[in-house]
Amino acid sequence: MTKAGAPSYAGCMSEGARAEQAALVALLRVRPDGMSWGDITAEVLAAGSALEVWHRLVPATLLDVPGSPGPIEGAVQDIGLWLEQGITVVSILDGCYPIRLRGVHQAPPVLFARGELRADDHAVSVVGSRKASERGLAMAAEVAHALASRGVTVVAGLAEGIDTAAHRAALADGARTVAVIGTGINKVYPAANRALHQEIADRGLLLSQFWPDAPPQKQNFPIRNATMSGYGLATVVIEAGEKSGTRIQARLAVEHGRPVILTEMVIQRNMWAQALRGRPGVHVAPGAHDVLDIIEHITAEQDALGDELSRVITV
C-alpha cells in the first residue's frame, strides 16, 4: 500500500523516475540505522517514494563531506555512467519493473538489465545441476524448445549444465530467454559462457540485482535463485543433486506460491525433493511431455485469470 498522494509506479526514463532511482541507490549505500536492503525496500514501497524515505531517515547534517559529492549526487553520477555503459537501471517503483517479481518478499530494490525488459513477461524457469547428465541436458533442451514454441520465455541462471542447455535451446528457436545472473551485469561468469552472455543480452534479457561490477560470490547465487522464482510463472527442476543450489529455488518457489515441477530424476535422487512432494503447487513429471502438460495447465490458468481481471477492470 502507498500513502495517500504518493506517486504511482512511474516509467523508467522520466526525470522523476531518475530522481527516485538516485534516492534509492543512495539509501542502499548509506543504509540508515544499519537497515538491510529488504527493510529499505519495504519502507520505499510503503511510502511510494524513495525520496520521501531519504528525507525522513537521513539527517541532512550527516550528508556532505567537504570536497566530495553527497550520496544522492554520487548516485546520480553513477546512474549516468551505467546508462552510458548501455545498462538499463530499474527501481522497484518503476512501471517497467517485473510485475510478478515485485510481489515477492525478496524483490530486489534495484535491477540492472541489458536487453529487452518486459514488465509482464510470460516466463518459466528451467533450472538444474551444473554437472548434468546427457539425459538431463536433453530434457532441458526439449522443455525449452516446447516452451519457446508456445511463446513462453525461458528463464535460467546462465550456469553451466542445465541452465546453458535451456538458454541455447531457446535461442536456437529464435525465442526469448532471460538470464538472471549472480554477478554484476558487467561481469561474465562462468567464463566459458562469455559468448552466450553476450548473445542473451543482444537477443533476450540479461538481468542482475547486484552492483554492475560485483564479482561472483557464493552468497549471491541463492539470492539470484529467489529472483528467478519471483520473476516467472513457475519453476521446472530438470536434474539436481542433494546439495544443489537449485533446491533453494524450489523451496522459495513454494514459498512464493509459484508452481514447482520436479522431474522423476530429481525425486529419485534427492531427499529434499521427496520432502517437497505432495506440497501444494508441487508437481512430479516423469518425462518432458508431462512437464509440458503441467506448464500448459498453469499458463491456461494464468491466461484465464488475466482475462477475468481485464473484465473486472473494464466493468
- Query: Name the residues in region 20-41 that are surrounded by fewer than 24 Cβ atoms within 10 Å (Cβ to Cβ) and of a type in the set (Val, Ile, Thr), would you?
  - Reply: 30, 40
- What pairs come up if the first residue lies in region 27-54 and is closer than 14 Å to residue 105 by Cβ, the second is among the small types (Gly, Ala, Ser) and crowded, with 22+ Cβ neighbours inside 10 Å, and their beta carbons are under 8 Å apart, counting only those six or more places apart or on different chains? 41/107
- Item | Number of the exception - residue 192 against (1) under 28 Å from residue 292 (Cα atoms); (2) surrounded by fewer than 21 Cβ atoms within 10 Å (Cβ to Cβ); (3) touching a residue at least 12 places away in the same chain (Cβ under 8 Å); (4) assigned by TED's automatic domain parsing to the domain that holds residue 234 | (1)
- Message: Which of the strands (runs of 3 or more DSSP E) found entirely inside region 158-244 contain at least 2 residues meeting this: under 21 Å from residue 38 (Cβ atoms)?
- Response: 205-208
- Item | Pick from region 287-315, criterion surrounded by 11 or more Cβ atoms within 10 Å (Cβ to Cβ) and over 20 Å from residue 151 (Cβ atoms), ranking: modelled with the highest pLDDT | 290
- Query: Only one of these conditions is not met by residue 113: (1) small (Gly, Ala, Ser); (2) surrounded by fewer than 22 Cβ atoms within 10 Å (Cβ to Cβ); (3) out of contact with any Asp or Glu (no Cβ under 7 Å at 6 or more places or on another chain); (4) outside any strand (DSSP E or B). Which number is it?
  - Reply: (4)
- Message: If residue 101 meets every condition in (1) farther than 30 Å from residue 142 by Cβ; (2) part of a helix (DSSP H, G or I) apart from one, which number is that one?
- Response: (1)
- Query: Which condition breaks for residue 125 when tested against (1) surrounded by fewer than 24 Cβ atoms within 10 Å (Cβ to Cβ); (2) assigned to a strand (DSSP E or B); (3) among the polar types (S, T, N, Q)?
  - Reply: (1)
- Query: Can you tell me which of 209, 217 is surrounded by fewer than 24 Cβ atoms within 10 Å (Cβ to Cβ), farther than 16 Å from residue 128 by Cα and polar (S, T, N, Q)?
  - Reply: 217
- Note on the structure: Residues of region 240-286 being over 25 Å from residue 148 (Cβ atoms) and touching an Asp or Glu at 6+ places or on another chain (Cβ under 8 Å), in sequence order, are 269, 270, 271, 272
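The values are calculated or read from the model by the stated rules, or taken from the named source; none is laboratory data. This is a predicted model, so every value here is computed, not measured. Every residue, glycine as well, gets a Cβ built from its backbone with ideal geometry; the counts of neighbours run over all protein chains shown.
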